[in-house]
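Worksheet for the structure shown next.
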Ligand code: NAP
């Protein structure tokens, strides 16, 4: 029989991930900072219990997932007042799917160890469409035993589930993945702008590049929204900036430069300044256009 699960944080990703747990028959308790969101979620999914606090949610569960924004929010929801760790039974396994970087993960994990619980990092790639259809990729920082214990719930939400290594290593892979994505998104935007200034047919450009050595996931996903200036949010620009910043901090700590990620960080920063924090990071095209004096 499956272990009872709690899910804390029902935003773009968490709401869809928790929905897949509910649909796969898990006994599920949910909590969200804005309580109405959790109430609305429970109204839409059978057998879901709403908890007023993270502590109440964790008291009823053996495995507690978190999907909030950053390290401060994970710390608050797990270790703050009425935090999930305050009522958790010994042996409770906390699984953080947020992208918060290895440093915060190791710090929070050490505090949970002291309380007799454990923390696994299981960040995801795939954005909201893959969260919706249960095909996320999970990169898991955990012991082998913890990894095996989590197979059932992770398979309800994901397709590719990779054990990255011990605690924190899932976060490191996630940061590198997103820094690469941001750098590539910037390069795609820059190429589109040069092509536009050169008077190219951008449909032809995208078609040829997409079948050649310049092809990429970012070209597939972001060229169209960049060209139509449709920044409907799959992944917030502000969150991408967080991830690139965390990656650069790790690089700096290790004494390893990552110039293309640093370039992407500056573009994301300019996007924030232009008011695109909550837009999709395809809005990176806005400061790039401004710098070139060329609008797609
Ligand atoms: P989001 O839409 O902003 O959702 C965050 C959720 O966390 C909100 O529902 C928020 O509640 C809730 N929350 C914050 N503090 C809380 C607390 N103390 N207690 C309970 N709930 C709390 O963010 P998202 O796009 O789902 O992203 C979540 C994480 O996944 C981030 O680390 C992001 O970098 C990562 N990620 C996102 C994507 C993507 O494509 N979106 C893909 C991969 C990874 P409120 O309703 O009160 O705001």
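Using helices alone, I'd like the mean residue ellipticity at 222 nm for the chain: each DSSP H run of four-plus residues gives -39500 (n - 2.57), total over residue count, nearest 500. Present the calculation step by step, with values, prior to reporting the outcome.
Numbers: 15 runs with 164 residues, N = 296.
My calculation for the chain gives -16500 deg cm²/dmol from helical runs alone.
Which angle between 0 and 90 degrees, to the nearest 10, do you get for helix 237-254 versus the longest principal axis of the chain when only C-alpha atoms count? Once rounded, one gets 80 degrees.
Put a dot 7 Å past the Cα of residue 263, heading toward its Cβ, do the same for residue 294, and the two dots end up 1.5 nm apart. Across all directions, the shadow cast by the convex hull of region 236-286 built on its C-alpha atoms averages 3.0 square nanometres.
If you count, for each residue, the other Cβ atoms within 10 Å and average over each peptide, how do 37-50, 258-271 line up from highest to lowest? Before the final figure, lay out each step's value.
On the way: 37-50: 15.7, 258-271: 19.4.
By packing density, highest mean first, the sequence is 258-271, 37-50.
Rounded to the nearest 5, the antiparallel percentage of DSSP beta bridges internal to region 5-166 is 10%.
The angle separating the long axis of helix 102-114 from the principal Cα axis of greatest extent in the chain is about 0 degrees.
Note on the chain: antiparallel DSSP beta bridges, both residues inside, total approximately 15 percent of the bridges counted. Shape class of region 45-146 from the Cα gyration tensor (axes a ≥ b ≥ c, square roots of the eigenvalues): oblate, since a/c reaches 1.5 or more and a/b does not exceed b/c.
If contacts are Cα pairs under 8 angstrom and at least 6 residues apart, what is the relative contact order of the chain in percent?
14 percent.
So for the chain, Kirkwood radius off the Cα pairs, Stokes-Einstein at 4 °C and 1.567 mPa s: how many µm² s⁻¹? Reported coefficient: 65 µm²/s. The distance linking region 1-71 with region 148-163 is 17 Å (Cα centroid to Cα centroid, whole angstrom). Each peptide among 139-150, 173-184 gets the average number of other Cβ atoms lying within 10 Å of its residues, and from highest to lowest they stand as 173-184, 139-150. The peptide list 282-295, 11-24, 91-104, 243-256, put in order of mean Cβ contacts within 10 Å with the highest first, becomes 91-104, 11-24, 282-295, 243-256. With the simple model of a label 7 Å out from the Cα in the direction of the Cβ, residue 12 to residue 24 spans 2.3 nm. Would you mind checking the tilt of helix 259-273 against the longest principal axis of the Cα atoms of the chain, expressed as 0 to 90 degrees and rounded to 10? The answer is roughly 90 degrees.
Bear in mind that the values in this text are calculations on the coordinates, not laboratory data. This structure is a prediction, so every number in the text was calculated from the model and none was measured. Positions of Cβ are backbone-derived with ideal geometry, glycine not excepted, and every protein chain shown enters the neighbour counts.
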